[in-house]
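Here the structure is laid out as structure tokens; the discussion comes afterwards.
The values are calculated or read from the model by the stated rules, or taken from the named source; none is laboratory data. Everything numeric in this text was worked out from a predicted model, so none of it was measured. Methodologically, a virtual Cβ is constructed for each residue, glycine included, from the backbone with ideal geometry; neighbour enumeration extends over all protein chains shown.
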Amino acid sequence: MSDSRWRRTAKDGARPEAFVRQKKDSSLPRTGREIGTSLIGRVLILDEDSGAASELAEALTRDGHEVELRQQLSDVDAAVRIAPDVVVVDPWSGDEPGEPILDALRRVHDPTGASPEVVVVTALHDVHAAVECLHRGASDYIVKPTTPGRLRLAIARAFERLRLLKDNGRLRRDLALFAAAQRILETLDSGKLAGYGLEALCSFTGATGGALFDGGAALAEQDLSAVELQQLAALKRPEAFTERIALGNDGAGRFSEALALELDDDRRAVLASVHPFDAAAEETALFLARQLQTAFRNTVRFADAEREARRDSLTGLWNAKAFHEATRQLIERAVTTPAPFSVLFLDLDHFKAVNDRHGHVAGSRLLVEVAQLLERCVREGDLLARFGGDEFTVLLPEIGTDTAKSVADRIRETIARHRFRAPSGEALPVTVCIGVATFPVHAGDTDGILDMADRAMYLGKGSTRNSVHVAMTPASDPRATPKPT
């Protein structure tokens, strides 16, 4: 041929060279090409009919395609290296059956997982062969001899089909990415968020492994050895929101590149890959990292809101709901690790008189002062709650009846000795009645233990007040006796 862009060897016993259009970008993988609007791409021709194949290659080259011609069907393996968009093949131009060649082409996948479109151009004029080719995935079946226009139309249809498949693939991926982002934003548990966020980052960027760090501690890791985790943790923090870090021989073993993503506070994600990350992967990682950043902020806000929902707005102590939950958790824990705990139920004596004489503002100040005294009388692990009105409860984990009674006596004496004053300066004598009940001695469930402590408290209300009473055992408790008012 006179065109210096092409070269070809005769079909003899030697392995033939490729019949190739030389282009500077011929080594680029298909993933770096844009096939959508122009319908121009990479074509591999497999045909031992040299005349027809050369004519087709010339026509496709003039149309702007990058064409590679192989004149032996055994070169079907070239499709793995070339990663063509479309393969034009005459399966019956050689001596072997044509069907295995089509099957081999369908097993070829590019880095995105897509197979090339296959157009069969053959001299075999047989309807059964045509149907078999279409069943095996060919997009068209053309009988030689044919016109250049018919060939161009078949190639254009193959590229259009490929474009639609790629668009559908992108749409499915974008929908999956959106769903992952929604799940990240809806996750309010910080532990679960770290694991799911890292899983999404690795999955959608193609990272080989990675970890999510809070300072130097790993919140979550995926597919890393202990040594690799340490090496990724030692990488510098990204100066911008994202940074690609070449690892090379000094990096984390099998990885060639890391992608560091800055999150909130001291948190950061580090993804690692055996191949360099491309721009699309970095853009996807940036999108997911921003969702993670927002989600971590939401977990803090949710935790604050949840904590506030369990707090008494006046005294700052826990409320009745939080007290019930804590008591229930201790009972559930006792199933596997038996341990007693005690409950104190407190009620201020004659608190209504304080409100009636000095006003509700003075009463509220008094309740806050009582809460502060209670905090001085208990351990750090004990739980204090304002149960409602002038009623308070104390949960004493791993405390039996005798010790709980001693704590109750200390609280009673502390409140009785304290000098409460009204806004006018007038002294307010305040005392308290306290009931004590212990799990599992007095009751075996949340409501039961609270009820027993409440009944014990009312024993003091019905007598001397300013007193501590321990709950009766269930056998001696006069349940039919109404509580005093």
Single match in A339, A322 (criterion: modelled with pLDDT under 95, touching an Asp or Glu at 6+ places or on another chain (Cβ under 7 Å) and not in a strand (DSSP E or B)): A339
Pairs, first in the same structural domain as L373 (by TED's automatic domain parsing) in segment 391-414, second surrounded by 23 or more Cβ atoms within 10 Å (Cβ to Cβ) and among the charged types (D, E, K, R), C-beta under 8 Å, six or more apart: F392/R386
Which listed residue, of D77, D47, is in the same structural domain as L153 (by TED's automatic domain parsing), of a type outside the set (A, V, I, L, M, F, W, C), over 23 Å from A156 (Cβ atoms) and modelled with pLDDT of 65 or more: D77
Failed criterion for I411 (all others in (1) within 21 Å of R386 (Cβ to Cβ); (2) in contact with a helix residue (DSSP H, G or I) (Cβ under 6 Å, 6 or more places away or on another chain); (3) at pLDDT below 95 hold): (3)
Pick from segment 138-193, criterion in contact with a strand residue (DSSP E or B) (Cβ under 9 Å, 6 or more places away or on another chain) and of a type in the set (S, T, Y), ranking: nearest to T294 (Cα to Cα): S190
Cβ pairs under 7 Å, 6+ apart, first in segment 310-325 and farther than 8 Å from R386 by Cα and not assigned by TED's automatic domain parsing to the domain that holds I449, second assigned to a helix (DSSP H, G or I) and among the polar types (S, T, N, Q): L314/S364
Single residue of segment 194-232 satisfying the filter (under 21 Å from Q291 (Cβ atoms) and of a type in the set (S, T, Y)) that is surrounded by the most Cβ atoms within 10 Å (Cβ to Cβ): T205
Any hit, segment 314-334, residues being hydroxyl-bearing (S, T, Y) and loosely packed, with under 13 Cβ neighbours inside 10 Å: no
Cβ pairs under 7 Å, 6+ apart, first in segment 161-179 and farther than 12 Å from F204 by Cα, second part of a helix (DSSP H, G or I): none
Every pair of residues 6+ apart whose Cβ atoms lie under 6 Å, when the first sits in segment 252-267 and is without any contact (Cβ under 8 Å) to a residue 40 or more places away in the chain and aliphatic (A, V, I, L, M) while the second is part of a strand (DSSP E or B) and buried (at least 19 other Cβ atoms within 10 Å of the Cβ): A252/A272; A258/V270; A258/A272; A260/V270
Single match in L259, L224, L271, L219 (criterion: assigned to a loop (DSSP other than H, G, I, E, B), under 25 Å from L177 (Cα atoms) and modelled with pLDDT of 90 or more): L224
Residues within segment 385-416 that are under 20 Å from S313 (Cβ atoms) and either surrounded by fewer than 16 Cβ atoms within 10 Å (Cβ to Cβ) or among the charged types (D, E, K, R) (or both), tallied: 5
